[in-house]
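The next block holds one structure in the form of structure tokens; read it before the comments.
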Amino acid sequence: MGRRGLSRPVRIVHRHTNEYASTFPSETIVCECNDGSVERIHAKFQAGREHRDHGHRRDLAYEGAVYDELVRPVGLSMPRWIGAHLDSTGDVWLFVEHVEGAVELDEAPQPEAALIAASHWIGAFHAWHDRLGESVGPVALTRYDAPYYSGWIRRTLRFAGPWNERLPWLEDVSHRSELLLRELHAVTPTVIHGEFTPSNVLIVDGRVHPIDWESAAFAPGEIDVVCLTDKWPLDVSHACIAAYTAARWPEGPPGDLARRFDLARVYWDFRWLGDRPEWTGSEKVGPRFEHLRAAVARLSDAPPS
């Protein structure tokens with residue numbers, strides 16, 4: 001377990017469970033240092049949980065390695081990495097700075113501006129890792145490959161239930177998507193967050209602090225931007241793509257960038273639809289299926305039938 005630790009000896013003054021926790025439970029711990037100063041720490045713990053989701057999410061030991069080896073060295077704004085610890089029960093704990101005054105991106109005073117700032121942040125992050133190529137140090141990073149992509153299509157069809165009859169074009173869209181996602185697999189990869197949703201981005205005083213890196217992977221960077229801007233208006237999405245492009249490719253983006261983003265949208269729709277059966281079977285996902293159909297139509301010579 002990697003440890004950087006606090007700079008001074010501490011004693012715990014108070015700790016409480018966070019009502020909102022994502023994949024793993026978490027606590028806020030208030031510590032008093034020997035010099036009288038107080039530090040607040042965000043602590044996540046494994047608690048025996050596992051949420052692999054077709055190899056998408058990993059555990060806290062993995063997230064700790066990503067924080068320490070792939071996020072912290074980039075030097076961008078982020079919660080300060082403190083360390084990871086394996087306790088006497090075999091449970092993994094991960095400790096980062098509790099960012100005072102931070103809110104989730106959706107709750108920021110100016111969410112559109114925060115989205116654009118987050119897009120620039122992740123573009124700069126990808127650019128840093130682009131320069132390193134496939135060098136990810138000791139981290140055995142998840143890599144999206146052809147079986148990974150096709151697995152989300154199979155899961156979606158399996159979970160779709162009645163939607164298979166209600167959407168006669170779904171089988172055709174799925175077949176076309178198998179070929180399209182092979183094209184996405186051929187895009188030069190970089191280190192991505194993997195679930196760069198607004199709920200995984202904290203904003204404080206306009207600064208971006210991404211959290212929850214257990215889904216980090218080696219894959220096309222466009223996926224992170226599609227994830228961030230999912231369901232936002234087109235003008236906001238276009239502004240985010242412009243900010244991302246300026247940060248990642250200041251000398252000009254690849255010529256096929258628009259197509260790459262549509263390929264990433266196809267992946268993200270299947271990724272969302274193939275996550276949990278109760279989500280896929282819900283009446284609320286009708287627009288998601290239509291969004292998928294539209295993206296495949298833009299990428300294909302003929303509309304799905």
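The values are calculated or read from the model by the stated rules, or taken from the named source; none is laboratory data. All figures in this text were calculated on a predicted structure; none of them were measured in a lab. Every residue, glycine as well, gets a Cβ built from its backbone with ideal geometry; the counts of neighbours run over all protein chains shown. Calculation scope for accessible area: heavy atoms of the full protein, side chains included, ligands and nucleic acids excluded. Shrake-Rupley method; radii C 1.70, N 1.55, O 1.52, S 1.80 Å.
Step by step: first the residues of the range 197-227, then only those that are touching a Pro at 6+ places or on another chain (Cβ under 7 Å) and not in a strand (DSSP E or B), then the one that is modelled with the highest pLDDT. Which residue is that? Talk me through it step by step, then tell me what you get.
Filtering the range 197-227 for residues touching a Pro at 6+ places or on another chain (Cβ under 7 Å) gives 200-201, 209, 211, 218-220.
Narrowing further to those that are not in a strand (DSSP E or B): 200, 211, 220.
Numbers: Asn200: 94, Ile211: 92, Pro220: 98.
Among them, the one singled out is Pro220.
Scan the strands (runs of 3 or more DSSP E) fully inside the range 1-111 and keep the ones with 1 or more residues being of a type in the set (A, V, I, L, M), at pLDDT 80 or above and open to solvent by less than 20 Å² (accessible area, probe 1.4 Å). I'd like the intermediate steps shown before the answer.
Details: elements: 10-17, 26-33, 38-45, 81-86, 92-97.
Those strands (runs of 3 or more DSSP E) span 26-33, 38-45, 81-86, 92-97.
Counting only residues that are open to solvent by less than 40 Å² (accessible area, probe 1.4 Å) and in contact with a Pro (Cβ under 8 Å, 6 or more places away or on another chain), how many does the range 264-297 have?
Total satisfying the criteria: 3.
What number goes with the only condition from (1) open to solvent by less than 60 Å² (accessible area, probe 1.4 Å); (2) at positive phi that Lys231 does not pass?
Condition (1) is where Lys231 drops out.
Determine which single condition Gly252 fails, assuming it passes every other condition in (1) within 30 Å of Val208 (Cα to Cα); (2) assigned to a helix (DSSP H, G or I); (3) open to solvent by 10 Å² or more (accessible area, probe 1.4 Å).
The single condition Gly252 does not satisfy is (2).
Sort out which residues of the range 177-199 are more than 23 Å from Val136 (Cβ to Cβ) and over 10 Å from the mean Cα position of the chain (by Cα), and write them in order of number.
Ser177, Glu178, Leu179, Leu180, Arg182, Glu183
Only one residue in Gly161, Gly151 is at positive phi and either open to solvent by less than 60 Å² (accessible area, probe 1.4 Å) or in contact (Cβ under 8 Å) with a residue 60 or more places away in the chain (or both). Which one? Can you show your working first?
Working: Gly151 fails: at positive phi.
On inspection, the qualifying residue turns out to be Gly161.
Condition check: of a type outside the set (A, V, I, L, M, F, W, C) and closer than 17 Å to Thr197 by Cβ. Does Glu100 satisfy that?
Numbers: of a type outside the set (A, V, I, L, M, F, W, C): yes; closer than 17 Å to Thr197 by Cβ: no.
Answer is no for this residue.
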